[in-house]
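All remarks here apply to the structure that follows.
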Amino acid sequence: MPNFAEELNQEQLEVIHNGDGPCLVLAGAGSGKTRTITYRVAYLLEHGVEPDQILLLTFTNKAAKEMTERVSQLTGGKIKMPWSGTFHRVAYKLLRQYAPLLGYKNNFSILDSEDSRDMLKICIKQEGVDRKERRFPSPNVIQSIISYSRNAKITVKDVLEQKYPNWVDLDEVLGRIAQEYSKRKLNANVMDFDDLLVNLFLLLYKNEHIRKKYSEKFRYVLVDEYQDTNKIQASVIELFASHHKNILVVGDDAQSIYSFRAADIQNILDFEKHYPDAKIYKLETNYRSTPEILSVANEVIANNKNQYKKELRSVIAAFTKPEVHAFSESSEEAEFIAERILELREEGVELNKIAVLFRAAFHSQALEMELAKRDIPYDYRGGTRFFERAHVKDVLAYLRIINNKDDSVAWSRVLNMQVGIGPVSAEKVYNQVSQAQENINDILPSLADSLSARGKIGWSDFLSTFQAMQSSGKKFPSDLIRGILKSKYLEYLESEYPDYRERLQDLEQLAVFADRYLALEESQALDRFLGEASLQENYNNNQTEKSNKEDEQIVLSTVHQAKGLEWDAVFILNVSAGQFPNERSTGSSKELEEERRLFYVAITRARKYLYITYPLVSSVYSMLQGPSMFLEEIDNALLEITMMDSSGSSAFFDPSDDEDDVTYEPLDEDKPAVRSFLKSLDEL
């Protein structure tokens, strides 16, 4: 067994020795929360608690494996924890025994996401909905709606009002589809992942005998990452701990950033309401970041009102202040980041210890281009690289058929996304197009004759998008893309994807990227643009092949995907007004506080170097955006700041806050976004 006094700090020891009863452990970033919870388990085992009397819950298989292995190491590898794992694993284990009490058989199957969507397709058809005749959410969107409803313990109508207002008129039909989906799963003796949690809750809530048996069995209930629990999970934990009341939850309200998955910060903030005699412990000693980085993090999160106050303290020696850099536009920002990455490598920082984080996926586009240009390898975490995203490839396919009417792959892609048009019909259309000698716009209207009645509906949608794309009369790629963004393709995006707003932002960014080709002749612009996009996709594919052999590559990641990770050097890009925080959050104090927590998470990923950057001019809207409100909340004395100013004065910086460590560099008026912004000022 470990020597607790030597291996833990005083804050951690308090938890280890006094963790009986209801306990809330507020573990700040980098404070050793996993160490604390696993040592607490080892302490209980050393004091005679049997392994099967301890319930240890977390969220991911990776975290569960790490905790189990640590406990095994601490106990000399002799003790196994039969009730340690994810919520879903524990639920599966219990439901295998007691499923008949809920109307299932013991040998029920688990549906993966694809299985669930296939069953929902049947339910949609059963309801009499023909998605080929009217705009209607895809099975993927409906799956997301139902899942959020169940995990947040709210109605489908509530979900539509909160997250999908454009579908709110469908609340009754979607409610019936949800009911039919549940009925079919029960009849087929199958559960999806949400069912595992919901049915575990129902089992404990409705059956007093089962609840009594397991709440008495589990003398101690310990939960990691409690700030990420949803309503169902919090209820399950409460039921498991209802007898002994030895419930110890570890988490950090300042890192609660997953409300879009139905995680509820109130679970951790209201812990004392559920357990008035709860003991509150704070782990504020940080083993990850320098004092300078933590000073900025503490200052940022202090602006949230709805929180437990904490003050992170570093055990690491002082190093260098975090830097803030402003640039005229995103391409300049990307150039700086790429150059600084190469400098860091020369200074001895390995590439795999460098990360660039961003609020939204589309923010990375300019940087991805710059990294490809400089042949800097990168690993894109938690998503797909920009030019490989389905909706980006959709739009590029539309442009490809304008550029080359014989492109069979592009025709197949744009036609197969239309209602009523499958591979056979698409092939017929393509054959007629490729054989025709006339202008493509002259022959398209007549091609509907070879299609079925349903196919003609899809063909009409295609023609509408195709014509909208060319409505400006120009063939510059940016004009064509913006035409698509005003077409029926947007209805397709909304009906197919739960995150259609984010996908729309990607396409707006694609149009901005295409603006750089406006200086070329119209006849050359489209061909050059498509060639560059193709090269980017090929570069990404080559990097993916190399990544198995080459460990040293930087990480690109959204902040959401970066939680729990750390790097020596972290860049946070596009920390600008309207982008971070997300513009949609500014009307709600609750959402704004979550955005601030997200920024806090980004800051606390850095060990030694922290760079925060933003463009002064919005690349999407060609207007002044300036720094994020979050940057304005930080005392300038804590930062090294470099501003950009066309006149050499502090036009973009409050003179009353001026410090010696603030420098100014001129705006580059040759940049397209800057020219557009300055022109708008002249017009004013």
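Entry remark, region 369-384: residues being open to solvent by 20 Å² or more (accessible area, probe 1.4 Å) and part of a loop (DSSP other than H, G, I, E, B) number 4 in total. Taking region 97-118 as the search range and keeping residues that are part of a loop (DSSP other than H, G, I, E, B) and of a type outside the set (Ser, Thr, Tyr), which one is least open to solvent (accessible area, probe 1.4 Å)? The selected residue is Phe108. Considering region 60-85, and only residues there that are crowded, with 17+ Cβ neighbours inside 10 Å and in contact with a Leu (Cβ under 7 Å, 6 or more places away or on another chain), the residue that is nearest to Gly251 (Cα to Cα) turns out to be Met67.
Of the residues Asp194, Asp169, the single one that is under 30 Å from the mean Cα position of the chain (by Cα) and touching a residue at least 12 places away in the same chain (Cβ under 8 Å) is Asp194. Taken across region 293-315, residues that are β-branched (Val, Ile, Thr) and open to solvent by 60 Å² or more (accessible area, probe 1.4 Å) do occur, with at least one present. Taking helices (runs of 4 or more DSSP H) as the structural unit, those lying wholly within region 467-567 and holding at least 1 residues that are modelled with pLDDT under 85, surrounded by fewer than 19 Cβ atoms within 10 Å (Cβ to Cβ) and hydrophobic (A, V, I, L, M, F, W, C) correspond to 522-547. Restricting the first member to region 314-340 and to residues that are closer than 16 Å to Arg605 by Cα, and the second to residues that are open to solvent by 30 Å² or more (accessible area, probe 1.4 Å) and of a type in the set (A, V, I, L, M, F, W, C), the beta-carbon pairs closer than 7 Å and six or more apart or on different chains are Lys321/Leu638. Taken over region 256-267, the criterion of being assigned to a helix (DSSP H, G or I) and surrounded by fewer than 23 Cβ atoms within 10 Å (Cβ to Cβ) is satisfied by Ser259, Phe260, Arg261, Gln266. A single member of Glu591, Glu632, Glu595 is among the acidic types (Asp, Glu) and either open to solvent by less than 40 Å² (accessible area, probe 1.4 Å) or at pLDDT 95 or above (or both), and it is Glu595.
Gln418 satisfies every condition listed in (1) more than 27 Å from Tyr164 (Cα to Cα); (2) assigned to a loop (DSSP other than H, G, I, E, B) except (1).
The helices (runs of 4 or more DSSP H) found entirely in region 1-71 include none that carry 2 or more residues being farther than 22 Å from Tyr214 by Cα, touching a His at 6+ places or on another chain (Cβ under 6 Å) and in contact (Cβ under 8 Å) with a residue 24 or more places away in the chain. For Asn298, the stated conditions do not hold, so it cannot be described as in contact with a helix residue (DSSP H, G or I) (Cβ under 7 Å, 6 or more places away or on another chain) and among the polar types (S, T, N, Q). How about region 328-347: which of its residues are within 21 Å of Gln509 (Cβ to Cβ) and either of a type outside the set (Asp, Glu) or part of a helix (DSSP H, G or I) (or both)? Passing the criteria: Ser328, Ser330, Ser331, Glu332, Glu333, Ala334, Glu335, Phe336, Ile337, Ala338. Scanning region 449-470 for residues that are hydroxyl-bearing (Ser, Thr, Tyr) and over 19 Å from Leu493 (Cβ atoms) returns Ser450, Ser452.
At least 1 residues being outside the structural domain of Thr68 (by the TED database) is the threshold, and among the helices (runs of 4 or more DSSP H) wholly inside region 150-234 those reaching it are 156-163, 171-188, 193-206.
The values are calculated or read from the model by the stated rules, or taken from the named source; none is laboratory data. These numbers were taken from a predicted model, which means no experiment stands behind them. Every residue, glycine as well, gets a Cβ built from its backbone with ideal geometry; the counts of neighbours run over all protein chains shown. For the accessible areas, the whole protein counts, side chains as well, though only heavy atoms, and no ligand, DNA or RNA atoms are used. Shrake-Rupley method; radii C 1.70, N 1.55, O 1.52, S 1.80 Å.
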